[in-house]
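First the structure, in the form of structure tokens, and then the observations on it.
The values are calculated or read from the model by the stated rules, or taken from the named source; none is laboratory data. Being a predicted model, the structure only gives us computed values, none of them experimental. For neighbour counting, all protein chains shown are included, and Cβ atoms are generated from backbone atoms with ideal geometry for every residue, glycine included. The area values use the complete protein model at the heavy-atom level, side chains included, leaving out ligands, DNA and RNA. Shrake-Rupley method; radii C 1.70, N 1.55, O 1.52, S 1.80 Å.
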Amino acid sequence: MLKKSKAVTLICGAISITATIIFYLLTFDNIFTVPMRWISLIFLILTEVIGTVKAMCIKKSIFGVASISVSLFHLGVVLIISIIFVNTYPTLVKKYVLLNLLALIVMLAADVLIIYFGESIRNKNNALSENQAVIDSLYTSAKALEIEYRESTYSKNLNELSELLKYSDNSTLSNDEVAISEMFDELRKLLSDNAEGIPQKISDIKNAIKLRSLKIKSTKRGNY
């Protein structure tokens, strides 16, 4: 599907470039007699090539759409400048080239900003997903114990552990998650052996979860 989409984009780009060349050949008897004509054609083709390459390479996202929109706007600017200079100021080649270079620089600067913010947000989303996966894993462990020992005298306490993790902040980590996970492994062994120390271990896990929540709140408060 992705290869097909790129092929369609390439075909559309090739058609656009071909149409531009044909338009110039039909409009001007000899486009090479006036430098402004063939130079404007080069800039138009360059703009279309850049837009086509970007459309093929950029991922489908709001930032990808923004980048394509910048290219379309750039194409519109180059087209307007070409129409004005080719028809009204055919001898001002130097100014025409400078304006097009300026438009190209502005487009590239806009693309750099879009890519920067896109990567930044993508990295934050990836980090958030990883953090959520860690907390979900702890919640799954707690829920599994609650279900497995729902008929035991520790059912209520195990449910409290599940509820604490269910509503715990999962947007960031506090470096306590590994210790809490190990505590759950120890608790599982104690429950399996019906050994002493189960109430204390449950209490330790509760305290660890609450301490984790306090650390995260403190960290976020310090970031404001």
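Filtered by the rule that a residue be surrounded by fewer than 17 Cβ atoms within 10 Å (Cβ to Cβ) and of a type in the set (Ser, Thr, Tyr), region 65-102 gives 69, 88, 89, 91.
Pick from region 173-189 the residues that are open to solvent by less than 40 Å² (accessible area, probe 1.4 Å) and at pLDDT 90 or above: which of them is nearest to residue 135 (Cα to Cα)? Ranking the candidates gives 177 first. Only one of the numbered conditions (1) under 25 Å from residue 211 (Cα atoms); (2) touching a residue at least 24 places away in the same chain (Cβ under 8 Å); (3) among the small types (Gly, Ala, Ser) is violated by residue 133, and that is (2). Given the condition without any contact (Cβ under 8 Å) to a residue 60 or more places away in the chain, part of a loop (DSSP other than H, G, I, E, B) and on the phi < 0 side of the Ramachandran plot, answer yes or no: does some residue in region 195-202 qualify? The answer is yes; a qualifying residue exists. Quick check on residue 21: is it in a helix (DSSP H, G or I), within 27 Å of residue 106 (Cβ to Cβ) and either free of Cβ contacts under 8 Å to residues at least 60 places away in the same chain or open to solvent by 60 Å² or more (accessible area, probe 1.4 Å) (or both)? In short, yes.
Conditions (1) modelled with pLDDT under 90; (2) exposed (fewer than 13 other Cβ atoms within 10 Å of the Cβ); (3) acidic (Asp, Glu); (4) more than 18 Å from residue 202 (Cα to Cα), marked per residue:
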residue	(1), (2), (3), (4)
117	yes, yes, no, yes
129	no, yes, no, yes
134	no, no, no, yes
139	no, no, no, no
144	no, no, no, no
164	no, no, no, no
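For region 147-162, the candidate set comprises residues that are of a type in the set (Asp, Glu) and at pLDDT below 90; within that set, the residue that is surrounded by the most Cβ atoms within 10 Å (Cβ to Cβ) is 148.
Quick check on region 42-61. Is at least one of its residues outside any helix (DSSP H, G or I), surrounded by 13 or more Cβ atoms within 10 Å (Cβ to Cβ) and among the β-branched types (Val, Ile, Thr)? Yes, region 42-61 contains a residue that is outside any helix (DSSP H, G or I), surrounded by 13 or more Cβ atoms within 10 Å (Cβ to Cβ) and among the β-branched types (Val, Ile, Thr). Close contacts from region 152-178, counting a first residue that is of a type in the set (Lys, Arg) and a second that is in a helix (DSSP H, G or I), with Cβ to Cβ under 7 Å and a gap of 6+ residues or different chains, come to 166/139.
Within region 177-212, work out how many residues are in contact with a helix residue (DSSP H, G or I) (Cβ under 7 Å, 6 or more places away or on another chain) and farther than 18 Å from residue 139 by Cα. Residues flagged as in contact with a helix residue (DSSP H, G or I) (Cβ under 7 Å, 6 or more places away or on another chain) and farther than 18 Å from residue 139 by Cα within region 177-212 amount to 3. Per this entry, residue 157 is counted among residues that are touching a Pro at 6+ places or on another chain (Cβ under 9 Å), more than 30 Å from residue 35 (Cβ to Cβ) and not in a loop (DSSP other than H, G, I, E, B).
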